[in-house]
Amino acid sequence: MLGKLLKYEIKATARTFLPLYAALIVFAAINKLFFAINSDSTFISIISGIFMAGYVLLAIGIFVITLIVILQRFYKNLVKEEGYLMFTLPVKPWELITSKLITSVMWSFVSTIAVMISVFIMAISKGMFSEFPEAIQNINEFIVQYFGSTGVFWLELFLMILVSTIAGVLIFYGAISIGSLFKNKLLGSFVGYIILYLATQLISTIVITIFGVSNAQYFENMVIPDQFPQLVFWVAIGLCALLGAGCFVLSNYIFKKRLNLE
């Protein structure tokens, strides 16, 4: 059933995102065309500026719309009137939350990739690729010096980005779940976010303090051994996983035991 929920969720949200990505790529291609023309004409400069401004607004708008869709889909489908239908389906609350979560994280990554591709389209040039080997070599040397292995570094970086994105979405879900307990659900969600934000800041401060005290010798010597940056990565990953799991459990509990759609 989770697969069916995912299929429905992706199909419903794709109608919003795919046209935005297509428009972004088109704007990037047009801007690249104007870059290639490189004309001194005032008219062309104005048109080029308009398209560049449109591209920037569209790129920023994609991230804003991604966040809005993430919040709106969860809020409308599970907390407002549509919740009466969603919670009558033969699925458990955790499946509903998981389907929303997977879709939200997916579109967050796809939006980022789409913007990166559009930037690449505008930045690509003939001599660009000739500088890649040297740049990659310098990056690899830095990674090896401080992290010991490029493969391990990229794996840890990917995990940290993935887990932190999941945790960020789940914190919003937790806030909306708390808001569902209030008569004014929108205001309650705002209050819930403040509560969770303060709680996550407190937990993060405690964990970072404990980590800093237990590794004080590294800071005193101002020497960064290979293991230390990796330790920082895993502490950050573990902290995000802890916060995300807590918000997931909270949301699942509220929808399972304290469901309020009035």
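The values are calculated or read from the model by the stated rules, or taken from the named source; none is laboratory data. Model, not experiment: these values are computed from the prediction. Here the Cβ positions follow ideal geometry from the backbone for every residue, glycine too, while neighbour counts run over all protein chains shown. Calculation scope for accessible area: heavy atoms of the full protein, side chains included, ligands and nucleic acids excluded. Shrake-Rupley method; radii C 1.70, N 1.55, O 1.52, S 1.80 Å.
Within the stretch 134-150, the residues that satisfy the criterion of being open to solvent by less than 50 Å² (accessible area, probe 1.4 Å) and free of Cβ contacts under 8 Å to residues at least 60 places away in the same chain are 135, 143, 149, 150.
Within the stretch 102-116, the only residue that satisfies the criterion of being in contact with a helix residue (DSSP H, G or I) (Cβ under 7 Å, 6 or more places away or on another chain) and open to solvent by 60 Å² or more (accessible area, probe 1.4 Å) is 102. Listed by first and then second residue, the pairs with beta-carbon distance under 9 Å, at least 6 apart or on different chains, first residue in the stretch 1-13 and more than 7 Å from residue 99 (Cβ to Cβ), second open to solvent by 90 Å² or more (accessible area, probe 1.4 Å) and of a type outside the set (Asp, Glu), are 1/90; 1/92. Of the residues examined, residue 84 is not one that is at pLDDT below 95 and buried (at least 17 other Cβ atoms within 10 Å of the Cβ). Would you check which residues across the stretch 90-99 are among the hydrophobic types (A, V, I, L, M, F, W, C) and not in a helix (DSSP H, G or I) and list them? Residue satisfying the conditions is 91 alone. On the stretch given as the stretch 230-262, residues that are open to solvent by 30 Å² or more (accessible area, probe 1.4 Å) and of a type in the set (Ser, Thr, Tyr) total 1.
Scan the stretch 94-101 and tell me whether some residue there is without any contact (Cβ under 8 Å) to a residue 12 or more places away in the chain and open to solvent by 40 Å² or more (accessible area, probe 1.4 Å). So far as the stretch 94-101 goes, no, none of its residues is without any contact (Cβ under 8 Å) to a residue 12 or more places away in the chain and open to solvent by 40 Å² or more (accessible area, probe 1.4 Å).
Taking the numbered list (1) closer than 26 Å to residue 103 by Cα; (2) of a type in the set (A, V, I, L, M, F, W, C); (3) open to solvent by less than 60 Å² (accessible area, probe 1.4 Å) in turn, residue 158 passes all entries but (3).
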